[in-house]
Each structure stands twice: as structure tokens, then as C-alpha cells.
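Chemist: Here it is, the structure in full.
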Amino acid sequence: MEDESFYCLHSEVCKTLANAKRQMILESLRDGEVSVSDIAARTGIPQATLSQHLSILRSRGVVHSRRAGANVLYTIANPKILTAFDLITEVMRESLVEQSRSAALGSDNDEAGTARRAV
């Protein structure tokens, strides 16, 4: 069993990733090294906002950066971050499908109940 400090670090990484814009940034870095301007073009996030989010991701060790001339290029620090991101996405999609099924069944049951009451 891990100690509390480990769980605090785990929580910080999760909080870092619990932001839609940062998730968009991660998605844009999926295929490798990308410049800030390309990330902005891919995500539609304004450059100033993007820089703030990249700074947070970099400070938490989620991404690495390197300067190449006038450009700053970013990569995901550990490919397992994408694996975790993909697993969470898969769980979320399965949950949404299940919710849709439950809602459809509930709707069918509501209609049947209404029909029984009308008779």
C-alpha cells in the first residue's frame, strides 16, 4: 500500500488532467512532437491561454518542451499518460452507452405505464 504522499501526487496529476483544454492539448500531442502554433491551430485555444496550460502541464511533468530555433516543441512526457487517458475515455463512452440504454428503457417503461393508466 502506498503512503499518503503518493496519493497526494496522484491526485495532483489527476487534477492537472481534469481540464478540457488540457485534454485537447494532450490529444494534439498524441502523434509526437508539436509546436505551440500547431497545438493552437489543432485545438483552437488562443495562444495566451495555451501557454498557461502548457506551463501547468510542464510543471507537473506531463509534457516536455524543447526549443528549436524560434519554436518551442512539446511532447508527452510518458506514453502511459495517453494509455490512462484512453482508458478513462473508454470507461466514459461505455458509461454513456449504458446511460442511454437505461434512459431508453425508462422511457419505454414510462410509455407503458402511461398506456396502462389510459386504459
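Chemist: Excluding Met92 itself, calculate the net charge of residues whose Cβ lies under 13 Å from the Cβ of Met92, where each Lys or Arg counts +1 and each Asp or Glu counts -1. Spell out each step's value before the answer.
Modeler: Numbers: positive: Arg93; negative: Asp86, Glu90, Glu94, Glu98.
For residues surrounding Met92, the net value is -3.
Chemist: Who wins for biggest fluctuation among Ser107, Ser65, Ser55 in a Gaussian network model of the chain, springs between alpha carbons below 10 Å?
Modeler: Of Ser107, Ser65, Ser55, the Gaussian network model singles out Ser107 as fluctuating most.
Chemist: Quick one: what are the phi-derived ³J(HN,Hα) couplings along segment 25-35, Karplus 6.51/-1.76/1.60 with θ = phi - 60°, whole Hz, x for glycine and proline?
Modeler: 4, 4, 4, 6, 8, 3, 8, x, 5, 9, 6
Chemist: How much of the accessible area of the chain, in percent, comes from carbon and sulfur atoms when a 1.4 Å probe is used? It would help to have the intermediate numbers written out before the result.
Modeler: On the way: 4580 of 8320 Å².
The C+S portion of the solvent-accessible surface of the chain is 55 percent.
Chemist: How far is helix 79-118 tilted, in degrees, relative to the longest principal axis of the Cα atoms in the chain, given as a value from 0 to 90 rounded to the nearest 10?
Modeler: For 79-118 against the chain, the angle is about 20 degrees.
Chemist: Among (i) 1.23; (ii) 0.93; (iii) 1.06, which one is Rg/Rh (Cα atoms, Kirkwood Rh) computed from these coordinates?
Modeler: Correct label, based on the coordinates given: (i).
Chemist: If you fit an axis through the alpha-carbon atoms of helix 47-59 and take the longest principal axis of the Cα set of the chain, what angle between them do you get, 0 to 90°, nearest 10?
Modeler: Helix 47-59 sits roughly 80 degrees off the main axis of the chain.
Chemist: Follow-up. Over the chain, give the accessible area per residue in Å² for a 1.4 Å probe, as an integer.
Modeler: For the chain, the solvent-accessible area averages 70 Å² per residue.
Chemist: Right, another one. Grab the DSSP H runs of the chain that are 4 residues or longer, score each as -39,500 (n - 2.57), total them, divide by all residues and round the 222 nm result to the nearest 500 deg cm²/dmol. Don't skip to the answer; put the middle values down first.
Modeler: Working: 5 runs with 84 residues, N = 119.
The helix-only estimate for the chain comes to -23500 deg cm²/dmol at 222 nm.
Chemist: Could you state the angle between the C-alpha long axis of helix 4-17 and the longest principal axis of the C-alpha atoms of the chain, as a value from 0 to 90 degrees rounded to the nearest 10?
Modeler: The helix 4-17 is inclined about 80 degrees to the chain.
Chemist: Once the other residues with Cβ under 10 Å from the Cβ of His53 are scored (Lys, Arg +1; Asp, Glu -1), what is the net sum?
Modeler: Working: positive: Lys21, Arg22, Arg58; negative: none.
Net charge around His53: +3.
Chemist: Please give the contour-minus-distance gain from Arg66 to Arg30: 0.36 nm per residue of separation, less the Cα-Cα distance, rounded to one decimal in nm.
Modeler: Numbers: separation 36, 0.36 × 36 = 12.96 nm, distance 1.67 nm.
The Arg66-Arg30 span can extend by a further 11.3 nm.
The values are calculated or read from the model by the stated rules, or taken from the named source; none is laboratory data. From a predicted model like this one, the values you see are computed outputs, not experimental measurements. So basically every Cβ, Gly included, is an ideal-geometry build from the backbone, and we count neighbours across all protein chains shown. What goes into the accessible areas is simple: the full protein's heavy atoms, side chains included, and nothing from ligands, DNA or RNA. Shrake-Rupley method; radii C 1.70, N 1.55, O 1.52, S 1.80 Å.
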